[in-house]
Each structure stands twice: as structure tokens, then as C-alpha cells.
Amino acid sequence: MKKRFLGVVVLVIWSAVLPAPVRAHHGDAGRYIADVTTLTGTVAQFVMVNPHAFIVLDIIENGTTTRWTAELNGPQGMEKSFG
């Protein structure tokens with residue numbers, strides 16, 4: 001009886017704690033939806049890793065090169081959208 005009760009308690013706590021990292025990871029994703037930034041530059045790197053792909057751009061402005069990194073959808077979503 002004690003083991004079963006302990007198992008239920010652990011399950012309840014685990015169920016409450018498990019979704020927390022997911023909320024933290026995607027908590028502010030909608031914050032930038034209205035912001036559009038257009039960049040023209042050279043692709044320095046394109047990384048297809050889980051959970052998100054990245055594109056690294058070198059932008060030259062007024063003779064100074066600035067490196068920008070943009071976080072994209074995951075590799076599966078990218079492949080689904082763009083082949």
C-alpha cells in the first residue's frame with residue numbers, strides 16, 4: 001500500500017513538473033511575431049539541429065561586418081515546409 005501511494009505521489013509530481021521546461025522554452029515565442037527585420041548579407045552557416053535550426057549571416061554595413069544568428073523551426077518542420 002505504501003509503495004503504491006508513493007508511486008502515485010511521484011507520478012503526480014512528475015506530471016506537474018515535466019511540462020515546465022516546455023513552457024519556459026516556448027514562453028516568449030509569440031513576442032516577436034509583429035517584428036519584421038529584413039537583412040541582406042552572406043550566409044556564413046546553416047545548422048540543422050534539434051530542436052531548432054539556425055542560420056548565421058554576415059551583414060556588412062558602413063564597412064563593419066556584424067554577425068546575426070536567427071533561430072528557425074526544427075529540422076523536421078523545415079524539411080516539411082521547404083523540402
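Read the figures in this text as sums done on the coordinates, not as results from a lab. The model shown is predicted, which means the values in this text are computed figures rather than measured ones. Neighbour counts are summed over all protein chains in view; Cβ atoms, including those assigned to glycine, are modelled from backbone coordinates with ideal geometry.
Counting beta carbons within 10 Å around each of Leu57, Leu39 and listing the fewest first gives the order Leu39, Leu57. The order of Ile59, Ile33, Ile13, going from fewest to most other C-beta atoms within 10 Å of their C-beta, is Ile33, Ile13, Ile59. Summarising the label geometry, the points placed 7 Å from Cα in the beta-carbon direction at Thr37 and Thr65 lie 1.9 nm from one another.
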